[in-house]
1. Strands (runs of 3 or more DSSP E) wholly in the stretch 140-225 with at least 3 residues that are farther than 30 Å from Pro97 by Cα and among the aliphatic types (A, V, I, L, M) - which ones?
2. Would you mind finding the one in Gly174, Gly178, Gly214, Gly221 that is over 30 Å from Ser76 (Cβ atoms) and surrounded by 22 or more Cβ atoms within 10 Å (Cβ to Cβ)?
3. Out of (1) modelled with pLDDT under 90; (2) of a type outside the set (Ser, Thr, Tyr); (3) farther than 30 Å from Lys145 by Cβ, the odd one out for Leu223 is which?
Amino acid sequence: MKHCFHSGRKNTLSKKLIAMFFCAAVPISTCIAADDVTPSIELNSKAMLFSFSGLSVLGAGAFNGGFGGKYFIMNSLALRGSLQFLTASQSTPANPPAGVTGTDGSISATQFGLTAAMEYHLLKTRVSPYVGGGLSITTTSTENKNPVTGTTAQTTTKNSAAGETVGSTVYHAGLGLGINGLAGVEFFITKDISLAAEYQLGYSLLSRYDQSIGAATTKEGSLNSFGISSTGLLTLAFYF
């Protein structure tokens, strides 16, 4: 039986990328059948992490969002962390009637986040299931400038209590905290490249920022949730 990849010590970035795309192009059953891949799961193993999932709606609980790293402090136990950043904006045209001036509006949202988690690998095989837990903290702010026509003054709403929708995503302004347990599976495409998918169970709290409309300020309460995350996290890891 042919193997998906030939083992070797030349682990250049170009060869890793070629291997990743080659494995994606051939049938999955063929790749899984290859048994010559020894995962990089051992003491002092390190990896760069890239997640395909963004921040969650409440801004808490997405441990792999953004760019991060992982380090094995024991043969089967790893610590990981990530830095998250997201900015989104869209314009809202004024569409004034003929002969009347207008000023377009805009909606924007900005998010920052830090996450830390621990994962324990149950098997040190090519398909490696793991369990663990982690913490996350995020901050989200929003701004909405309404479109106006003629001499009407434009109003700016910051951190709307109802949230702001940019595209199809609703952003709620506030400071988010998350405490989660997690379970997932890491599949090693090659010794040094893997894809991991996981689900999370935990508690998320969003302490909302005060809403301001012009000079008026309104205090807001908090939002919280508990349950299995509905967002599937898919993470690409490069070990070195």
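1. Numbers: elements: 156-158, 164-166, 169-171, 174-190, 193-208, 211-213, 216-218.
Output list reads 174-190, 193-208.
2. On the way: Gly178 fails: over 30 Å from Ser76 (Cβ atoms); Gly214 fails: surrounded by 22 or more Cβ atoms within 10 Å (Cβ to Cβ); Gly221 fails: surrounded by 22 or more Cβ atoms within 10 Å (Cβ to Cβ).
Being over 30 Å from Ser76 (Cβ atoms) and surrounded by 22 or more Cβ atoms within 10 Å (Cβ to Cβ) holds for just one of Gly174, Gly178, Gly214, Gly221, which is Gly174.
3. Condition (3) is where Leu223 drops out.
The values are calculated or read from the model by the stated rules, or taken from the named source; none is laboratory data. Values in this document were obtained by computation on a predicted structure and should not be read as measured data. Using ideal geometry, Cβ is built from the backbone for each residue, glycine included, and neighbour counts are taken over all protein chains shown.
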